[in-house]
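Read through the structure below, which is laid out as structure tokens, and then see the notes.
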Amino acid sequence: MALLQISEPGQSAAPHQHRIAAGIDLGTTNSLVASIRSGLAETLPDIEGHHLLPSIVHYAKDEPAIVGNAAKQFANTDPLNTIASVKRLMGRGLKDVKTTGTRLPYDFIENEGQGMPMIRTAAGDKSPVQVSADILNALKKRAEETLDGELSGVVITVPAYFDDAQRQATKDAATLAGLNVLRLLNEPTAAAVAYGLDKGAEGIYAIYDLGGGTFDISILRLHHGIFEVMATAGNSALGGDDIDRSIAQWIMQEANIADDAEHHHIRQLLDVARTAKETLTTQDIAPIQLEGHIKWQGELTHAQLNQLIDPLIHKTITPCRRAMHDAGLTVEHIKEIVMVGGATRMPRVREKVGDFFKRSPHTDIDPDKVVAIGAAIQADILAGNKPDDEMLLLDVIPLSLGLETMGGLSEKIIPRNTTIPVAKAQEFTTFKDGQTAMLLHIVQGERELVLDCRSLARFELRGIPKMVSGSARIRVTFQVDADGLLSVSATEETTGVHSEIIVKPSYGLQDGDIERMLKDSLEHAKYDIAARTLREQQVEADSVINALRAAIQADGHYLLKHQEFLKINAALNDLLKIKEGTDVKAIKKAIEHLDNLTQSYAERRMDSAIHRAVKGQHVDEL
Amino acid sequence: MNHFEVFNLPVSFEIDTDNLAQRYRDLQRVVHPDKYVNAPDRERRLAMQKAVQVNEAFQILKNPLNRGLYILQLQGIDTNDNSAMDSEFLIEQMDLREELADLREKTQPFNALSNFINRLEKNKTFLIDILSQQFAQKEYQLALESTKKFQFFKRLHEEALSLEEDFF
């Protein structure tokens, strides 16, 4: 369908069918789903009118998972089976979870740091990906009921500072929930879209996004519908949760509660802490009253709160400085600061951020909903509902990607804040005579030592011909797609030995895990896989046919040769006939055949479009 | 196709960065993978390749040091060549490094560090001027020297900035 974009307006041959698309903000504390309804992007409420779905899942034996407010009620009575803040565990190993200082009150299964951390629940062992999939499923259901139809695709937001493992885990959760992911979108970019389109903004903007468990700062240039991320920085384990925790710790100190209090007491304390924090957004003093097992009465003042949270806020300012440096800007260049995430409601956060950027931040948009709304706007465009839309998002990778070299050092291949998609190749050589294999260790992070970076994957290139050390030429190519996901391939140049992997996070799912989980899931067991595959092939065939027809109509007369056109036309007619049948393989073959025939035509079209773009002319001026 | 040709621009160190950015955006509107989400696989791959090429070219041309090095490479000059640097320059670098190391020990380093960073930034502007003269006169060997100096200053600048982050 994309060929339509470079054909003359009004000549789009293919009638477009509106596709149902949605944006999902999968948050640490709350999640939302939004969609475009009657031209307006809005978040979708549940039957009771709640827009926010608490990101909490409750598991009980032999019963389907309960998600949201209903699950929240179990938080105090059944904490081990009630999973909250699971986003903090995505793409992380148990060791990471313990060392980040995050105390999560769950029953983890010790697995020697292998694979993902699993949580023991009454409904069986659950991985963070499965828990997230249950949240996504609830949102999917809400959207499909509200919009009265099947979702054709979704845009899911992730913190800009999420590394490859965390992104991959999020995408896996969506696959598990049976969602078609059009794009993973960075949360601050989504907020910028919602804000920028709403205000008709132009210039350089800073998006400060302090969510429940993650912090991001992004510097964007908005220019005629293009949202160009200039730099991003953050901390994927810092958020409003930490503020609650430091308040809770203070209460524990004041009330003489032991550090090793039981799970449900900690949960209770966190609730009390959150309420106190929220009270102080509008009041001067928050009274605190502990009841039940431990009785204590006290109050939290602004002064006390500030003392507790200033170190945390300070931790967000350092990334702000780094992002400004990376963008090559000073605070004077920033036109406005947009605040996103529930934690930015706190007056102290606004004050400190205002101090750093030397102007007061913008707070006139709902910091909870803006990310989902931005995601819905992009989902609508990516689904193809607005072929003439000018909007385009140019995003970056948040952390440098590198390879381990001699001495445990990381050699950076793609530096942080490089615009995606990007591909970079680098040559390495053998260091022993007759070496026939090479282990490639891919890492992400800014530190010099591999040990201090995140390990993404290891793979082996075998079959290198025996040569003197230093004479083999191994070319490693890193490619990061528009979702920010990495794939790596390696070739020995003198012989062409090739090895390729799509990076799977070290703490994530192994190949086949998703398939197995899909099979396990009851809902999908009932699904008629064969029917689905056939429909997918037919949709693909339609898309190829429509795109090709539109293309030929637009420029076939000068980009195609007579003989070439006849061949393509014959293949197109064949595909039209075959796709009405039920032979999936035949349809696939016919698509491939047509695809091969039109390869050079597609390249000529792309070149011609590029040619027009750099000439600064639009199609209608030709 | 070289990186200048991607933007339909002549090979030149002098570049109007606003114009370059405009051409970059115009190209991205045509080739970005988001425009091809529902397209057949082959077109998606093609768009991906082109978008990668455009990003790579932009990354190199928008930055004066990368642009300079790239022009030298187009001239067939080995930019990785490790021949000796002029010793006066090296001594100057050593002094600057010592100065930076001393800043670490100071109790109130913030202002001194800002001054230090400002000096480095002035130096950078100065080197860009020199480079553009050298390229205008096709003095490629001299330009190669200047790019090497530029790299020294760049590393020092990065270290100073990360020190600033540590202090903060």
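The values are calculated or read from the model by the stated rules, or taken from the named source; none is laboratory data. Only a predicted model underlies this, so the values are computations on that prediction, with no experimental measurement involved. As a convention, Cβ positions derive from the backbone with ideal geometry for all residues, glycine included, and neighbour counts pool all protein chains shown. Calculation scope for accessible area: heavy atoms of the full protein, side chains included, ligands and nucleic acids excluded. Shrake-Rupley method; radii C 1.70, N 1.55, O 1.52, S 1.80 Å.
Observations on the structure shown:
- Residues of the range A:44-70 that turn out to be of a type in the set (A, V, I, L, M, F, W, C) and under 17 Å from A:ASP25 (Cβ atoms), as a count: 6
- Spans of strands (runs of 3 or more DSSP E) in the range A:118-170 with at least 2 residues open to solvent by 10 Å² or more (accessible area, probe 1.4 Å): A:118-121, A:124-126
- Taking (1) among the acidic types (Asp, Glu); (2) in contact with a strand residue (DSSP E or B) (Cβ under 7 Å, 6 or more places away or on another chain); (3) open to solvent by 20 Å² or more (accessible area, probe 1.4 Å); (4) at pLDDT 75 or above in turn, A:ASP483 satisfies each apart from (3).
- The strands (runs of 3 or more DSSP E) falling completely within the range A:399-445 that include 2 or more residues that are closer than 14 Å to A:ASP164 by Cβ, open to solvent by less than 60 Å² (accessible area, probe 1.4 Å) and free of Cβ contacts under 8 Å to residues at least 60 places away in the same chain map to A:438-444.
- Residue among A:GLN563, A:GLN553 that alone is modelled with pLDDT of 85 or more and either out of contact with any Lys or Arg (no Cβ under 6 Å at 6 or more places or on another chain) or more than 14 Å from chain B (Cβ to nearest Cβ) (or both): A:GLN563
- For the range A:98-107, the candidate set comprises residues that are open to solvent by 20 Å² or more (accessible area, probe 1.4 Å) and closer than 17 Å to A:ASP125 by Cα; within that set, the residue that is modelled with the highest pLDDT is A:ASP107.
- When the test is whether a residue is within 14 Å of another protein chain (Cβ to nearest Cβ) and either over 30 Å from B:GLU159 (Cα atoms) or assigned to a loop (DSSP other than H, G, I, E, B) (or both), A:GLU460 does not pass it.
- Residues of the range A:569-610 that are surrounded by fewer than 14 Cβ atoms within 10 Å (Cβ to Cβ) and either facing chain B (nearest Cβ under 8 Å) or β-branched (Val, Ile, Thr) (or both): A:THR582, A:GLN599.
- Counted as qualifying within the range B:1-118 are the helices (runs of 4 or more DSSP H) with 2 or more residues that are closer than 28 Å to A:MET391 by Cβ, namely B:3-6, B:17-31, B:41-62.
- Of the candidates B:THR147, B:THR107, the single residue that is free of Cβ contacts under 8 Å to residues at least 12 places away in the same chain and among the β-branched types (Val, Ile, Thr) is B:THR107.
- Residues in the range A:235-254 that are open to solvent by less than 10 Å² (accessible area, probe 1.4 Å) and within 14 Å of another protein chain (Cβ to nearest Cβ): there are none.
- Flag for B:GLN59 being within 12 Å of chain A (Cβ to nearest Cβ), at pLDDT below 95 and under 22 Å from the mean Cα position of the chain (by Cα): yes
- Residue in the range A:364-371 that is acidic (Asp, Glu) and surrounded by 19 or more Cβ atoms within 10 Å (Cβ to Cβ) present: yes
So that you can scan it fast, the table gives a plain yes or no per residue for (1) over 12 Å from the mean Cα position of the chain (by Cα); (2) free of Cβ contacts under 8 Å to residues at least 60 places away in the same chain; (3) more than 8 Å from chain A (Cβ to nearest Cβ):
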{"residue": "B:LYS35", "(1), (2), (3)": "yes, yes, no"}
{"residue": "B:ALA51", "(1), (2), (3)": "yes, yes, no"}
{"residue": "B:VAL54", "(1), (2), (3)": "yes, yes, yes"}
{"residue": "B:LEU65", "(1), (2), (3)": "no, no, yes"}
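- Residues in the range A:363-377 include at least one that is part of a loop (DSSP other than H, G, I, E, B) and of a type in the set (Val, Ile, Thr).
- Which numbered condition B:ARG44 misses (of (1) buried (at least 20 other Cβ atoms within 10 Å of the Cβ); (2) in contact with a Pro (Cβ under 9 Å, 6 or more places away or on another chain); (3) more than 7 Å from chain A (Cβ to nearest Cβ); (4) not acidic (Asp, Glu)): (1)
Each row is one residue, and each column tells you yes or no for (1) surrounded by 15 or more Cβ atoms within 10 Å (Cβ to Cβ); (2) among the charged types (D, E, K, R).
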residue: A:THR281; (1), (2): no, no
residue: A:ASP284; (1), (2): no, yes
residue: A:GLN289; (1), (2): no, no
residue: A:TRP296; (1), (2): yes, no
residue: A:THR301; (1), (2): no, no
residue: A:LEU305; (1), (2): yes, no
residue: A:HIS314; (1), (2): no, no
residue: A:PRO319; (1), (2): yes, no
residue: A:ARG322; (1), (2): yes, yes
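- Single condition B:ILE91 does not satisfy, out of (1) open to solvent by 80 Å² or more (accessible area, probe 1.4 Å); (2) in contact with a helix residue (DSSP H, G or I) (Cβ under 7 Å, 6 or more places away or on another chain): (2)
- Candidate set: the range A:205-234, residues that are open to solvent by 20 Å² or more (accessible area, probe 1.4 Å) and either in a strand (DSSP E or B) or among the hydroxyl-bearing types (Ser, Thr, Tyr) (or both); chosen: the one modelled with the lowest pLDDT: A:HIS223
- Taken over the range B:1-25, the criterion of being facing chain A (nearest Cβ under 7 Å), without any contact (Cβ under 8 Å) to a residue 40 or more places away in the chain and either more than 27 Å from A:LEU185 (Cα to Cα) or open to solvent by 40 Å² or more (accessible area, probe 1.4 Å) (or both) is satisfied by B:ASN8, B:ARG23.
- Residue within the range A:307-315 that is out of contact with any His (no Cβ under 6 Å at 6 or more places or on another chain), away from chain B (no Cβ under 14 Å) and more than 30 Å from A:GLY445 (Cα to Cα) present: yes
- Taking (1) in contact with a Lys or Arg (Cβ under 6 Å, 6 or more places away or on another chain); (2) closer than 22 Å to B:TYR36 by Cα in turn, A:ILE381 satisfies each apart from (1).
- Pairing residues of the range A:248-266 that are among the charged types (D, E, K, R) with residues that are modelled with pLDDT of 80 or more, at Cβ distances under 7 Å and at least 6 apart in sequence or on separate chains, gives A:GLU254/A:GLY298.
- Among the candidates A:ASP148, A:ASP125, the residue that is under 18 Å from A:MET90 (Cα atoms) and modelled with pLDDT under 95 is uniquely A:ASP125.
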